[in-house]
Amino acid sequence: MDDLQRSGYQIIQDPKRFCFGMDAVLLTGFAHARPEEELLDLGTGTGIIPLLMEAKYHCARLTGLEIQPESADMAARSVALNGLSDKINIVTGDIKEADRLFQPASFDCITCNPPYMIGKHGLANPQAPKAIARHEISCTFDDVARQTARLLKPGGRFFLVHRPFRLAEIFVTLAGYRLEPKRMQMVHPYVDREPNMVLIEAVRGGRPRMKVEKPLIVYESPGVYRPEIYEIYGY
């Protein structure tokens, strides 16, 4: 059980499976939502993004969709542990079938920290929980974008974190589903290193125009975060 440093919330995780990383936390700092809005997190894992989004933005209703029953169970128990069962709903299901589980155009915001890797790069056990979380085994980015376009309200916002080496593919895929990139921020481990993450906001049916925000630098020196990272974490 880990302390999230937000609203006293805690999260249940299993180190043998897949624990949340910095990418999920940075995504919730990049995203924005209003208290009256409804949010869906695709591939929620142990529920870190719905928990942090509730703590930061107090959304009216949050849903996490997760294909792995064991992870979904941990997420549901974390929701109950924090007394949020009336606000956060965890659903066990496949992203590729999300439009069968939820009403079309029913969410104001959708978040996703999808599997980054394609092919068999570094893949040891295709059935392992960590492999499913990191590799496009259960779904592809095209699946994520297609379902997001179906479930977002017109003008609804899609927030995702991904790897820069797939940026061209990501933009082409988003455009194919009329999810217009509106905001982008590169994340660099150090000021003199190339980015290893990219944060993107897209709008369903938005007009073409994108703002590129100043880079987010994670470390001041080895083991020492920059002030903006401490702020995102809530320290």
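Quick check, is Q185 of a type in the set (S, T, N, Q) and over 17 Å from H32 (Cα atoms)?
no
Here is a list: I200, I170. Which entry is closer than 15 Å to I110 by Cα, without any contact (Cβ under 8 Å) to a residue 60 or more places away in the chain, of a type in the set (A, V, I, L, M, F, W, C) and out of contact with any helix residue (DSSP H, G or I) (no Cβ under 6 Å at 6 or more places or on another chain)?
Checking each option against the conditions leaves just I200.
Give the residue that is farthest from S71 (Cα to Cα), with candidates limited to residues of the stretch 129-162 that are outside any helix (DSSP H, G or I) and at pLDDT below 95. Let's see the steps before the verdict.
Kept after step one, since they are outside any helix (DSSP H, G or I), are these residues of the stretch 129-162: 135-140, 152-162.
Pick out the ones that are also at pLDDT below 95 and you get 135-140.
On the way: H135: 16, E136: 17, I137: 16, S138: 14, C139: 16, T140: 19 Å.
Of everything passing the filter in the stretch 129-162, T140 is farthest from S71 (Cα to Cα).
In the stretch 28-48, how many residues are part of a helix (DSSP H, G or I) and under 18 Å from S78 (Cα atoms)? Steps first, answer last, please.
Going residue by residue through the stretch 28-48, those that are part of a helix (DSSP H, G or I) are 28-30, 48.
Retained after the next criterion (residues that are under 18 Å from S78 (Cα atoms)): 28, 48.
Qualifying residue count, the stretch 28-48: 2.
Return the pairs, sorted by first residue and then second, in which the second residue is at pLDDT 95 or above and surrounded by 11 or more Cβ atoms within 10 Å (Cβ to Cβ), the first residue lies in the stretch 212-223 and is more than 14 Å from D192 (Cα to Cα), the beta carbons are less than 6 Å apart, and the residues are 6+ apart or on different chains.
V212/M184; E213/Q185
Taking the stretch 204-217, which residues are β-branched (V, I, T) and buried (at least 19 other Cβ atoms within 10 Å of the Cβ)? I'd like the intermediate steps shown before the answer.
Filtering the stretch 204-217 down to residues β-branched (V, I, T) leaves 212, 217.
Scanning the stretch 204-217 gives a single hit, I217.
Filter the stretch 181-197 down to residues that are buried (at least 19 other Cβ atoms within 10 Å of the Cβ) and over 11 Å from F159 (Cα atoms) and give me whichever is nearest to the chain's Cα centre (by Cα).
M197
Can you name the condition, by its number, that L152 falls short on among (1) crowded, with 19+ Cβ neighbours inside 10 Å; (2) under 23 Å from I110 (Cα atoms); (3) aliphatic (A, V, I, L, M); (4) without any contact (Cβ under 8 Å) to a residue 40 or more places away in the chain?
(4)
Matching residues to (1) modelled with pLDDT under 95; (2) in a loop (DSSP other than H, G, I, E, B); (3) over 28 Å from G206 (Cα atoms); (4) not β-branched (V, I, T):
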{"position": "P15", "(1), (2), (3), (4)": "yes, yes, yes, yes"}
{"position": "F18", "(1), (2), (3), (4)": "yes, yes, yes, yes"}
{"position": "L26", "(1), (2), (3), (4)": "no, no, no, yes"}
{"position": "E54", "(1), (2), (3), (4)": "no, no, no, yes"}
{"position": "R100", "(1), (2), (3), (4)": "no, no, no, yes"}
{"position": "P104", "(1), (2), (3), (4)": "no, yes, no, yes"}
{"position": "P114", "(1), (2), (3), (4)": "yes, yes, no, yes"}
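One line per residue, one yes/no per condition, for (1) at pLDDT 95 or above; (2) small (G, A, S); (3) within 11 Å of the chain's Cα centre (by Cα):
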{"residue": "R6", "(1), (2), (3)": "no, no, no"}
{"residue": "L40", "(1), (2), (3)": "yes, no, yes"}
{"residue": "T46", "(1), (2), (3)": "no, no, no"}
{"residue": "R61", "(1), (2), (3)": "yes, no, no"}
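The values are calculated or read from the model by the stated rules, or taken from the named source; none is laboratory data. Quick caveat: nothing in here was measured; it's all calculated off a predicted structure. Methodologically, a virtual Cβ is constructed for each residue, glycine included, from the backbone with ideal geometry; neighbour enumeration extends over all protein chains shown.
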